[in-house]
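Just below is one structure, and these are the notes that go with it.
The values are calculated or read from the model by the stated rules, or taken from the named source; none is laboratory data. These numbers come from a predicted model, not from an experiment. For neighbour counting, all protein chains shown are included, and Cβ atoms are generated from backbone atoms with ideal geometry for every residue, glycine included. Ligands, DNA and RNA are excluded from the accessible area calculation, which covers all protein heavy atoms including side chains. Shrake-Rupley method; radii C 1.70, N 1.55, O 1.52, S 1.80 Å.
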Amino acid sequence: MSERPLILVTNDDGILAPGILALAEAVAPLGDVVVCAPETERSGSSHAITLHSHLRVDEVRPGWHRVNGTPVDCVYLASLHLCERRPALVVSGVNPGFNLGSDVFYSGTVGGAAEGFIRGASAMAVSVHARESPRVAIPVVRTLARKLLAQPSMSLLNVNIPWISHSAPPPEGPPETLAEGLPIVVTRLGARPYVEQVERRQDPRGMAYFWIGGPPRDAGEHEGEDTWAVKRGFVSVTPLVLDITAPDLSPWQAMLSGATVKVDPRGEP
């Protein structure tokens, strides 16, 4: 058995997405790589898992598997069945579009990484600007992966890389060199509101359908937040925890102090 760590690569954009190729290349020098990703795009799938239908797996080439499921399905299936041993690290991405603030609750990219963390591995979700080459993430991922593999405790990181090629003057060189020298900052989740809308449309047969959600809108940012970091050209690294319990329970303890369940047969308040 290899002594190199096993690294599992996934995404929510599908096995053919260019971002997953860049991600696999980034971690290849650091361990034995297994790729397991959805057969089609599953963006916005969050932590969805398939429990009421079957899953099918195809090995598209050695070590690369496609699954007719979600990113969580892929990580669960690979960790417990496809991999010869449990992954030491799960990397998810490279997503074409930031995952900032409340995006982490919807993102399939983050969902895949979080499932890796639940399965006992360190994990990170990696995103770049939608117009950026995913290859800019290669040195960032490699740097962070080395750090995660070297530490004894597990971590779950949400990584966002700024729009590097948009700078003036435009940077020179291949995409995988453009992040050289970028500061990496540890951040908190910022505000990421979107235009709230439901648009009623009509298909060619005259039947109504609906398109929900709008583009992100600027809500400002505060120093130390992920939105603040990427806007200033920093690589944002946000450590995530899966315990979303309110940090201070005392207001609810006070509200429910002495409370017991009472049954009113008349249904009155």
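With 0.36 nm allotted per residue and the present C-alpha distance subtracted, the ARG131-ARG205 stretch has 23.2 nm of extension available. The listed residues ILE138, ILE49, ILE244, once ranked by accessible area (1.4 Å probe) with the largest placed first, stand as ILE244, ILE49, ILE138. The listed residues GLU221, GLU199 rank as GLU199, GLU221 when sorted by accessible area, largest first, using a 1.4 Å probe.
Across the chain, C-alpha contacts under 8 Å between residues 6 or more apart give a mean separation that, scaled by the residue count, equals a relative contact order of 16 percent.
For segment 13-54, the alpha carbon convex hull comes to 101 Å³ per residue, rounded to a whole number. Amide H to amide H, with H built 1.01 Å from N, ASP32 comes under 5 Å of LEU6, ILE7, counting only residues 5 or more places away or on other chains.
Whole-Hz Karplus values for segment 173-179 come out as x, x, x, 6, 9, 6, 7 Hz, taken residue by residue from phi with 6.51 cos²θ - 1.76 cosθ + 1.60 and θ = phi - 60°; glycine and proline positions read x.
A Förster radius of 51 Å combined with the Cβ-Cβ distance from ARG232 to ALA259 puts the calculated FRET efficiency at roughly 0.60. The modelled label-to-label distance between HIS81 and ARG56, using points 7 Å beyond Cα along the C-beta direction, is 1.4 nm.
At a Cβ-Cβ separation cutoff of 4.7 angstrom, cysteine residues of the chain with no neighbouring cysteine are CYS83. Here the Karplus curve 6.51 cos²θ - 1.76 cosθ + 1.60, taken at θ = phi - 60°, turns the phi angles of segment 207-224 into couplings of 8, 7, 9, 10, 10, 9, x, x, x, x, 10, 6, 10, x, 8, 10, 4, x Hz, with x standing for Gly and Pro. Using R0 = 25 Å, the C-beta based FRET efficiency linking VAL186 and GLU41 works out to 0.25. Most simply put, the chain has about 35% antiparallel DSSP beta bridges, counting only bridges with both residues inside it. Close amide-amide hydrogen proximity is noted between ASP13 and ARG42, each under 5 Å apart and 5 or more residues distant or on a separate chain (H modeled in the peptide plane; Pro and chain starts excluded). In this calculation the C-beta distance from ALA28 to TRP252 is compared with R0 = 45 Å, giving a FRET efficiency of 0.40. Once the Cα atoms are used to define both axes, helix 108-118 deviates from the longest principal axis of the chain by about 90 degrees.
Using θ = phi - 60° in the Karplus curve 6.51 cos²θ - 1.76 cosθ + 1.60, the 3J(HN,Hα) couplings for segment 227-234 round to 5, 5, 5, 5, 5, 9, x, 9 Hz; x is entered for Gly and Pro. Solvent-accessible area of SER250, all protein chains in place: 60 Å² (probe radius 1.4 Å, heavy atoms, ligands and nucleic acids excluded). Considering only the other residues whose Cβ falls under 12 Å of the Cβ of VAL90, what net charge follows from Lys and Arg at +1 and Asp and Glu at -1? After counting each charged neighbour, the total is +1. In the set (1) 21.0, 75; (2) 16.9, 48; (3) 18.7, 57, which value of Rg and Dmax of the Cα atoms in Å was calculated from the structure you see? Label of the calculated value: (1). Quick one: grab the alpha carbon gyration tensor of segment 61-131, order the square roots of its eigenvalues as a ≥ b ≥ c, and give me rounded if a/c is under 1.5, else prolate or oblate depending on whether a/b is larger than b/c. Taking the square roots of the gyration eigenvalues as a ≥ b ≥ c, segment 61-131 is prolate. Is segment 1-107 rounded, prolate or oblate when judged by the Cα gyration tensor, a ≥ b ≥ c being the square roots of its eigenvalues, rounded requiring a/c under 1.5 and prolate requiring a/b larger than b/c? Oblate. Spatially, segment 199-269 and segment 98-138 are offset by 19 Å when compared through their Cα centroids. Sorting LYS262, LYS231 by solvent-accessible area of protein heavy atoms yields LYS262, LYS231, largest first, with a 1.4 Å probe. Shape analysis of segment 161-248 places it in the oblate category; the axes a ≥ b ≥ c from the Cα gyration tensor give an a/c of at least 1.5, with a/b not above b/c.
Within segment 113-269, the ratio Rg/Rh, alpha carbon atoms throughout and Rh by Kirkwood, equals 1.14.
Less than 5 angstrom separates the built amide H of GLU225 from those of ARG188, all sequence-distant by 5 or more or on a different chain.
The packing ranking of peptides 31-44, 73-86, highest mean first, is 31-44, 73-86, where packing means the average number of other beta carbon atoms within 10 angstrom of each residue.
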